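Down below is the structure, laid out as structure tokens.
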2 protein chains.
Amino acid sequence: MGITERKEREKQEMRDKIIDAAISMFLEEGYEKTSIRNIAEKIEYSPATIYLYYKDKDELLYDVQKQAFGKLDDVFREKITAADPFERLEQICRTYVWFGINNPELYDLMFIIKAPMNAIDDNEWHNGDQALNALIGCVTECLSKQEIRFSDPRVAALSIWSMGHGLISLNIRCRIKEELIGDIDKEKMINKCINEYVQLIKK
Amino acid sequence: MGITERKEREKQEMRDKIIDAAISMFLEEGYEKTSIRNIAEKIEYSPATIYLYYKDKDELLYDVQKQAFGKLDDVFREKITAADPFERLEQICRTYVWFGINNPELYDLMFIIKAPMNAIDDNEWHNGDQALNALIGCVTECLSKQEIRFSDPRVAALSIWSMGHGLISLNIRCRIKEELIGDIDKEKMINKCINEYVQLIKK
DNA sequence: AAATTTACTGAACAGTGTTCATTTTTCAAA
DNA sequence: TTTGAAAAATGAACACTGTTCAGTAAATTT
């Protein structure tokens, strides 16, 4: 029965087509201008067609978000290489923030905007699992080697993540006034904060 | 010539009416459902009338944001009372996060959504000045007394703020999985993170 | 070749921010 | 007190948005 499988494959290809169009539109024009109608136009289909493959926009955005997390995972695999756990923790922090600063539209979709989370009920969200597990695994190792000044791995992971997310999201949303950073540029200032934080948590 | 002054006063009263309607709508229905049309209906005017007092929605949201910051400033004045700078820093952290967790819609408008920032060109934003200055003043004092493990007040202020903002905004946007916090509730976990952070930065 | 299932779309609905010609109200001068 | 100009308010429209659904076109089965 190759035909039902082909149909299934074609269905997936169409979904990919939609997601690819959406993500490229995201990167080029940003979230605000990425409408169902624009995506439909880009893939040369009617807007209504998209609703044959996705129940609503939130569900579509959830899949785009998954794609975006794939990119973060790729960067993590490439950059997080150190064997020493604390060194690796430092790599995780720096890579995460680097990704956020250099991919603001993707980061927005992954961590700032609400929309994709409407598609899924609380704690069924698995898009961020891989990156989060890398962090949890790493802090757990750091803790067992007594290399960081935390007592609980979960508190450690959430704290470190929050610090990184705070820096990125305040920057993306233009809440950091130049008065607060002095003469250097914002990215340099953010890196300074990470430097200090890494020293702060080091035992 | 009391008449031009009365006109000016009436103009301001109308603006206040619009902002009050907007902010109550924000608190009751959230950002998504706060439309110009809904606000107009609430104050019993035509939508077009609002455009006689505000150039566009972003400019209106900027004023609503100002109101929200006023509420934060009130809470700060009430709760930030310690004379000792480090103790005061701890109060600032806890009060800020408390405010964010308990006023998610206001916090959203102040620090997460982009919209109100479109109304103003970068670094003309003064809505957050009072709270930020409280923080900067406090860390500067802490530094001069050598009570915190930072070398630069700006790095210290941005770091502390980012930690608080990270915790609040990840929570508001439902990015914190229960898996990461264990059995206790999210607010407790967030408080644990603050406890640890306060210990971390203490010299 | 006909019938049936699948894929797709045009048109509509209800909503959004925003503009503008037109009407209503206000208020000083005749 | 009536008149005329200035100010305030609005109805209707424009160009969007997400979404639905009846109807058309294509593919597959009988």
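Can you confirm whether A:G137 is within 12 Å of another protein chain (Cβ to nearest Cβ) and of a type outside the set (S, T, N, Q)?
Criteria not met by A:G137.
Take the residues in the stretch B:60-83 that are more than 8 Å from DNA strand C (Cβ to nearest atom) and closer than 21 Å to B:E10 by Cα, then tell me which one is surrounded by the fewest Cβ atoms within 10 Å (Cβ to Cβ).
Filtering the stretch B:60-83 for residues that are more than 8 Å from DNA strand C (Cβ to nearest atom) and closer than 21 Å to B:E10 by Cα, the one surrounded by the fewest Cβ atoms within 10 Å (Cβ to Cβ) comes out as B:K66.
Looking at this structure, is A:I194 at the interface with another protein chain (Cβ under 7 Å from one of its Cβ atoms) and β-branched (V, I, T)?
Judged against the criteria, A:I194 is not a match.
Considering each residue of the stretch B:102-120, count those that are facing chain A (nearest Cβ under 10 Å) and not in a helix (DSSP H, G or I), and give that number.
Count: 3.
Going by the structure shown, is A:N195 farther than 14 Å from A:Y96 by Cβ, in the same structural domain as A:L61 (by TED's automatic domain parsing) and not aromatic (F, W, Y)?
Yes: the conditions hold for A:N195.
Restricting attention to the stretch B:43-52, does a residue exist that is in contact with a helix residue (DSSP H, G or I) (Cβ under 7 Å, 6 or more places away or on another chain) and not β-branched (V, I, T)?
Yes - at least one qualifying residue is present in the stretch B:43-52.
Out of all the residues in the stretch B:28-72, which are at pLDDT 95 or above and under 19 Å from B:G100 (Cβ atoms)?
B:L61, B:V64, B:Q65, B:K66, B:Q67, B:A68, B:F69, B:G70, B:K71, B:L72, listed by residue number.
Does the stretch B:172-191 hold any residues that are at the interface with chain A (Cβ under 9 Å from one of its Cβ atoms) and on the phi < 0 side of the Ramachandran plot, and which are they?
B:I172, B:R173, B:R175, B:I176, B:K177, B:E178, B:E179, B:L180, B:I181, B:M189, B:I190
Across the stretch B:96-150, what is the total count of residues that are hydrophobic (A, V, I, L, M, F, W, C) and under 26 Å from B:K33 (Cα atoms)?
15
Among the numbered conditions (1) of a type outside the set (A, V, I, L, M); (2) under 30 Å from B:M117 (Cα atoms); (3) assigned to a helix (DSSP H, G or I); (4) within 10 Å of chain B (Cβ to nearest Cβ), tell me where A:T95 comes up short.
The number of the failed condition is (4).
Output the residue which, of all residues in the stretch A:31-83 that are more than 12 Å from DNA strand D (Cβ to nearest atom) and assigned by TED's automatic domain parsing to the domain that holds A:Q12, is nearest to A:I112 (Cα to Cα).
Per the stated criteria, the residue is A:I43.
Kindly indicate whether A:A131 is in contact (Cβ under 8 Å) with a residue 40 or more places away in the chain, under 18 Å from A:A22 (Cα atoms) and more than 10 Å from chain B (Cβ to nearest Cβ).
When the stated conditions are applied, A:A131 does not pass them.
Confirm whether B:S151 is among the hydroxyl-bearing types (S, T, Y) and either more than 7 Å from chain A (Cβ to nearest Cβ) or part of a loop (DSSP other than H, G, I, E, B) (or both).
For B:S151, the condition - among the hydroxyl-bearing types (S, T, Y) and either more than 7 Å from chain A (Cβ to nearest Cβ) or part of a loop (DSSP other than H, G, I, E, B) (or both) - is met.
Among (1) in a helix (DSSP H, G or I); (2) near DNA strand C (Cβ under 10 Å from one of its atoms), there is one condition A:Y53 misses while meeting the rest; what is its number?
(1)
The values are calculated or read from the model by the stated rules, or taken from the named source; none is laboratory data. This structure is a prediction, so every number in the text was calculated from the model and none was measured. A quick note on method: Cβ atoms are made from the backbone with ideal geometry, for glycine too, and the neighbour counts reach across all protein chains shown.
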